[in-house]
Amino acid sequence: MDKKPCIESLVVKNSHVLPTDTNNHGTLFGGQLMAYIDDVAAIAATRHARCNVVTASTDSVDFLYPVNAGDAICLEAFVTWTKNTSMEVFVKAVKEELLSGERKVCATSFLTMVAVDENNNPSKVPPVYPETEQEKWLHDGAADRATQRKARRSVSKEFANKFGTDFPWIRK
């Protein structure tokens, strides 16, 4: 498989934040922003792999600034690193106060997407290579982030095994 540059997977999505997208504080629902993040990450990963993908993990999403009704939200996503069947996708969300033009990065996140074939089995993906300083910086730190994800996944499995499917707080 031929290597592809990060830029080939770039996705940019703009949305106008309407009152129906907001909570009782008049700010964008966190879950709505997370859905936007997952959406652009999936498009970027599909562009890179040119096959279907599934979300394997989402690193923490820190909400740095509120996004108000009437603002625009712009998300940018691209593949930063690959390993066999998985891809790390970086997503940056920028809010813009449309009347003033003030822009702020309101969230960043990394997602791991896995390429799948027509039977939903993991499928090999082409390597990716960085070109810009920012892409190189993200690419250089990707192996460490993957190690951290693997450790976090192990802890998540431990929680799942410990708590199982029962609801222990409900007395029988």
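Every number here is computed from the coordinates shown, using simple stated rules; none is lab data. Just so you know, these numbers come straight off a predicted model, no measurement behind them. All Cβ positions, even for glycine, are placed from backbone atoms using ideal geometry, and neighbour counts span all protein chains on display.
Maximal additional length on extending the Met1-Tyr65 stretch stands at 19.0 nm, based on 0.36 nm per residue less the C-alpha distance. For the range 4-162, the direction-averaged projected area of the alpha-carbon convex hull comes to 10.9 nm². Summing Lys and Arg as +1 and Asp and Glu as -1 over all other residues whose Cβ lies under 9 Å from the Cβ of Asp71 gives a net charge of -1.
For the range 123-172, GluC sites (Glu not before Pro) are listed when DSSP marks them as loop and at most 15 other Cβ atoms sit within 10 Å of their Cβ; the list is Glu131.
I need the chymotrypsin sites (Phe, Trp or Tyr not before Pro) found in the range 117-172, filtered to DSSP loop residues with at most 15 other beta carbons within 10 Å of theirs. For chymotrypsin sites (Phe, Trp or Tyr not before Pro) across the range 117-172 that sit outside H, G, I, E and B with at most 15 neighbouring Cβ atoms in 10 Å, the list reads Trp169. Annotation for the range 4-80 versus the range 153-172: alpha-carbon center distance of 30 Å.
Tell me the relative contact order for the range 31-158 as a rounded percent, counting alpha carbon contacts under 8 Å between residues six or more apart.
Details: 233 pairs, mean separation 33.9, N = 128.
27 percent.
In plain terms, if you count all Cα to Cα distances in the range 73-161 and split them into 5 Å steps from zero, the share in each step is 3, 12, 16, 18, 18, 14, 9, 5, 3, 1, 0 percent.
List the trypsin sites (Lys or Arg not before Pro) within the range 77-159 that fall in a DSSP loop (any state other than H, G, I, E or B) and whose Cβ has at most 13 other Cβ atoms within 10 Å.
Passing both the DSSP loop test and the Cβ count: Lys124.
Using 0.36 nm per residue of separation minus the Cα-Cα distance, give me the extension gain between Lys162 and Arg103 in nm, one decimal. Each step should come with its number before you reach the end.
Numbers: separation 59, 0.36 × 59 = 21.24 nm, distance 4.41 nm.
Computed gain between Lys162 and Arg103 is 16.8 nm.
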